[in-house]
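The values are calculated or read from the model by the stated rules, or taken from the named source; none is laboratory data. Here the structure is a predicted model, which is why all the values come from computation and not from measurement. Here Cβ is always computed from backbone atoms with ideal geometry, including for glycine, and neighbour counts include all displayed protein chains. Just the protein is used for accessible areas: all its heavy atoms, side chains included, with ligands, DNA and RNA removed. Shrake-Rupley method; radii C 1.70, N 1.55, O 1.52, S 1.80 Å.
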Amino acid sequence: IYKLLPRTNCKKCGYPTCLAFAMALASKKVELAACPDVSEEAKEKLSQEARPPITTVTFGAEERRVTCGGETVLFRHEKTFLHPTCIAMTVSAQDSPENIRNRCNRIRRLQFERVGESVSIDAVVLQSDGGHPERFNRASSEITVSLDLPLILHSPDIDEIKSALTISKNKKPLVWGVGDGDEKAWAELAKSENVPIVVSGSTLEAVAEKTAFFEQVGVKEIVIDPAIGARKSATVEELTIIRRMAILKNSRQLGYPVLVFANAETKAGRLAFAAAAICKYASILVLDDIEPEFILPLITLRFNLYTDPQKPIMMEPGVYEVGAPGPDAPLIVTTNFSLTYFSVKPEVEAAKVPARILLTDSEGMSVLTAWAADKFSSSSVTKALTESQLADKLSHRKVIIPGLVASLSGELEEESGWQVIVGPREASSLPKFLRTVWKG
Ligand code: SF4
């Protein structure tokens, strides 16, 4: 790697020398793009070295683009998982235009709020058995009009895919349809239309052989569909083997994002498989089931799994207003752990008492954890009160602290000069507390 770098030690990459940069690149701690002066020839040669063990693949247009793969570890606690499992919902091209529109509307309504973030379905899979290019084309334009989501075009009929690409090519759909023996035509299509492609195989060896072929002919963006045998979807064991081969054995042929279809016979079976597939390495999860109660637990599981364990999910410290609080409104102090804030805020809203919530800098820890780590103490609360300059805005000097840290009250009163009111232990008791204790 070092020999292919400019070797000027210019430091523009943030490393003191080209050798240091080369070593960081070899251990995949940095991207080659961080060196602005590397030649095109070197880029080509080094792209293999710089490639993560699982290739990164993107599809969809700019705003709603899906990125999958790029993972470098087997377990989240080793570092982090980078790209959350893409949840894709099927739409049948065989359906009437009206049914397609209705299904698109239901997909659009699958929006959930999780810890202050809006989460929804990531992509749509347009499915067909083949033989009707015009119908496939119509269905894909219907979806494009109805939904602003990346498309996965799924058909064994290359003419159907070509037909849909005439209208959706600019949105870079993922193409899924390669069978046995027709790889050459699909590879040509992927290259000429510059779209990523899903490669299926009836055994892992067959998948590996096919990805080697696609790579060799110049198709770079590949997703694996290990549709083993007649089951039409991989087992969790097979998904684990693929990830282990890519990460531990550096298998280039299996080092791609993996697409799976939750197709167990019962709804409970599909839900169980989908949850396991999110935990065990599915990059794209295709679902037929559209009910919110089916999707919500999966989205929540994914949300929890794909947070960086080294970075607690936290809010910016500071004052957050609920309603339009006046100078006499209550002031509640708590930590800046996102879950804490998003537990407290709806309860304050439910109380219908305009209030201010002051979040201290507790490094994203919850109340008791922060208190035990001395990150939510009389000093840190006093500091937050001072920095907030709330003393200038309020007509009172009262602060409500979480009941869990009632023991802070004496010390905090002394240190801050504010009157401390011990609030409830649970956020759920805040409405009653604000309406009775505060107002009373
Ligand atoms: S930016 Fe490139 S040339 Fe400069 S030190 Fe880094 S690797 Fe070397």
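Laid out as a table, the results:
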quantity: Highest-MSF residue in the chain out of VAL260, VAL38, VAL217 [GNM, Cα springs under 10 Å]; calculated: VAL38
quantity: Candidate aspartates and glutamates for bridging to LYS210, where Cα separation is under 12 Å - those fewer than 8 sequence places away on the same chain excluded; calculated: ASP180, ASP182, GLU183, ASP225
quantity: Charge dipole (the stretch 1-96, unit charges on Cβ, about Cα centre) - positive-most of PRO84, PRO6, LEU46; calculated: PRO6
quantity: Å² of accessible area per residue within the stretch 318-438, as computed with a 1.4 Å probe and no ligands counted; calculated: 47
quantity: Local electrostatic count, PHE342, Cβ distance below 13 Å [Lys/Arg +1, Asp/Glu -1]; calculated: -2
quantity: The stretch 1-106, accessible surface, carbon-and-sulfur percent (1.4 angstrom probe); calculated: 51
quantity: Dipole magnitude of the stretch 57-305, debye to nearest 20 (Cβ charges: Lys/Arg +1, Asp/Glu -1, about Cα centre); calculated: 600
quantity: Solvent-accessible surface (1.4 angstrom probe) belonging to ASP182, in square angstrom, nearest 10; calculated: 50
quantity: DSSP bridge orientation in the chain - percent antiparallel, rounded to nearest 5; calculated: 25
quantity: Distant-in-sequence amide H partners of ILE400 (H built 1.01 Å from N, under 5 Å); calculated: LEU331, ILE332, VAL333, ILE421
quantity: Computed over the chain, Cα set: Rg, Dmax in Å; calculated: 26.8, 80
quantity: Cα gyration tensor shape for the stretch 318-438, rounded if a/c is under 1.5, else prolate or oblate; calculated: rounded
quantity: In degrees, nearest ten, helix 267-279 long axis to first principal axis of the chain (Cα); calculated: 80
quantity: Computed accessible area, THR166, all protein chains, 1.4 angstrom probe, square angstrom; calculated: 110
quantity: Accessible area expressed per residue, the stretch 182-239, with surrounding protein chains retained (probe 1.4 Å, Å²); calculated: 44
quantity: Solvent accessible area, Å² - LYS249, 1.4 Å probe, full protein context; calculated: 140
quantity: Of LYS352/LYS398; LYS280/LYS345; LYS249/LYS311; LYS12/LYS43; LYS172/LYS220; LYS169/LYS280, pairs whose Cα-Cα distance is over 24 Å; calculated: LYS280/LYS345; LYS249/LYS311; LYS169/LYS280
quantity: 3J(HN,Hα) from dihedral phi, the stretch 281-293, Karplus parametrisation 6.51/-1.76/1.60, rounded to Hz, x for glycine, proline; calculated: 5, 5, 8, 10, 10, 9, 10, 8, 5, 10, 5, x, 5
quantity: Residue of LEU254, LEU285, LEU25 that the Gaussian network model of the chain assigns the largest fluctuation, springs spanning Cα pairs under 10 Å; calculated: LEU25
quantity: Among ASN250, ASN263, ILE284 - extreme Cα towards positive end, dipole of the stretch 234-297, charges at beta-carbon; calculated: ASN250
